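What follows is a single structure, written as structure tokens, with notes after it.
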Amino acid sequence: MRAQPPASHFIDGTYRHDDTAPARPDLYPYDGSVIAEIREATEAEIDAAFEAAVAAQKIWGAMAPVERGRVLRRAADLLRERNAALSELETLDTGKPIQETLVADAASGADALEFFGGIAATLNGEMIPLGEDWVYTRREPLGVCVGIGAWNYPIQIACWKAAPALAAGNAMIFKPSEETPLSALKLAEILIEAGAPPGVFNVVQGAGRVGAALVSDPRCAKVSLTGSVPTGRKVYAAAAEGIRHVTMELGGKSPLIVFEDADIENAVSAAINANFYSSGQICSNGTRVYVHKSIHDAFAERLVARVANARLGDPLDPETTIGPMVSETQRDKVLAMIEKGKSEGAALLCGGTSEGPFVAPMVFAGVTDGMSIARDEIFGPVLSLFSFEDEDEVVNRANNTDFGLAAGLFTRDLTRAHRVVARLQAGTCWINTYNLTPVESPFGGNKLSGVGRENARAALDHYTQTKSVYVCMGDTEAPF
């Protein structure tokens, strides 16, 4: 077990687990080998995590914001120093190619810690003059926040949730996906090494039972989830029982629109990034690619030619560009959707085959808006091509979905670009690129794709509460 941690959970600054708790093997998706064994958190361990977080939050929240910022920035430096080892761990856990994890996972997490560490001291209130009297506001932490992660970007998601929560003075209990439990433990170690008090960031492992226990605990003040819509519905309902603060980044079925004046080579590059990066396992992927009728065939021809250059293989090989699916379950789900697309009449231009844990990148053409592959999130390397003729038509078709996470478009006409973006019902949009998510930019969805925003200053609004203080400078009058 090449990646076995000292224990399954990180609570109050130390590793621990109950040896009698149920254990789950953590598999390397490439070859199915067991890289670690992780035990599910018991009720006692969940309680211990909350006790530690409640106690630590009082200390952490009382610290000067600038000092909290220093801790987060030191943690960012440590993540970058250990990026190679963390990237290898993430590749073992997720199956993503090492060439991706080296630049997109721990490195992105470090950016989040650095950004929120840098603005922690700017989390100020305001003064409101009312003649002689006045009001001032305080931005205060919520308390103990629960973070629930997904398996496609484990350490990045942990950092995206921990950084604003901790910058605002909260403590956090983080539950990684049971598919990818390892890298959040390393983040917990690093935060302690950087100077965070024990208990400020705790990691507990487990599946739905553990998540439900965390969300429903009365000591939980806020929940931040990255996951599927069905999971989001359950978490939202459970959090509502306690009127808890909630942010959720859920699924998507996002459109990528390519107008007739687009640079085809750049648009094809974006379509590849928007469908096949991380083996298509990205919630914001632009899986519905609408191409203007006049360039549709040329676009499709160039896309198929470039997809042929994809290299499937050992994710630890720097030359590999497509890794395995994260699990057999996910692979089988993707293959079932491919068969459904064929049965509904879509034309398979390339890919779609499976060898072991891999699904070769595939392109469907002749897709209509009512097909299952056009409406359901697949979360695999499956691109659907559509043809369109005018702007109003494609905007209406792009918006005809229950999701609203992301959207993109390619055109040389920037007037049209801004006009169309204003009409797209999506929380994150790109013009002449796709899937870039810098920490400086808010990220999140509309409709079934979620509530709230991660990253940027906007995230701090979801980890603080405003207290208004009225100051009377004169006498107080009363009717009697």
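The values are calculated or read from the model by the stated rules, or taken from the named source; none is laboratory data. Nothing here was measured: the structure is a model prediction, and the numbers come from that model. As a convention, Cβ positions derive from the backbone with ideal geometry for all residues, glycine included, and neighbour counts pool all protein chains shown. Surface accessibility is based on the protein's heavy atoms, side chains included, excluding ligands, DNA and RNA. Shrake-Rupley method; radii C 1.70, N 1.55, O 1.52, S 1.80 Å.
General observations
- The set of residues in the stretch 1-30 being open to solvent by less than 50 Å² (accessible area, probe 1.4 Å), in contact (Cβ under 8 Å) with a residue 40 or more places away in the chain and not hydroxyl-bearing (Ser, Thr, Tyr) consists of 3, 5, 9, 10, 11, 13, 26, 29.
- Where a residue in the stretch 204-221 is under 18 Å from residue 150 (Cβ atoms) and its partner, wherever it lies, is hydrophobic (A, V, I, L, M, F, W, C) and in a loop (DSSP other than H, G, I, E, B), with Cβ under 7 Å and at least six apart: 204/41; 205/41; 206/41; 210/41; 210/204
- Yes/no for residue 113 being in contact with a Phe, Trp or Tyr (Cβ under 9 Å, 6 or more places away or on another chain) and modelled with pLDDT of 95 or more: no
- Residues located in the stretch 332-352, provided they are assigned to a helix (DSSP H, G or I) and among the hydrophobic types (A, V, I, L, M, F, W, C): 334, 335, 336, 337, 338
- Of all residues making up the stretch 333-377, the number that are more than 23 Å from the chain's Cα centre (by Cα) and among the charged types (D, E, K, R): 6
- Put simply, of 85, 120, 55 the only residue that is surrounded by 24 or more Cβ atoms within 10 Å (Cβ to Cβ) and either without any contact (Cβ under 8 Å) to a residue 60 or more places away in the chain or part of a helix (DSSP H, G or I) (or both) is 120.
- Restricting attention to the stretch 235-274 and to residues that are of a type in the set (D, E, K, R), at pLDDT 95 or above and surrounded by fewer than 19 Cβ atoms within 10 Å (Cβ to Cβ), the residue that is farthest from residue 395 (Cα to Cα) turns out to be 265.
- Whether a residue is surrounded by 23 or more Cβ atoms within 10 Å (Cβ to Cβ), out of contact with any Cys (no Cβ under 7 Å at 6 or more places or on another chain), at negative phi and at pLDDT 95 or above was assessed, and residue 218 does not pass this test.
- Among the residues making up the stretch 393-441, those that are among the charged types (D, E, K, R) and either closer than 24 Å to residue 100 by Cβ or open to solvent by less than 40 Å² (accessible area, probe 1.4 Å) (or both) are 416, 440.
- Among the residues listed as 407, 426, the single one being closer than 18 Å to residue 250 by Cα and not in a loop (DSSP other than H, G, I, E, B): 407
- Some residue of the stretch 31-51 being outside any helix (DSSP H, G or I), open to solvent by 10 Å² or more (accessible area, probe 1.4 Å) and in contact with a Phe, Trp or Tyr (Cβ under 9 Å, 6 or more places away or on another chain): yes
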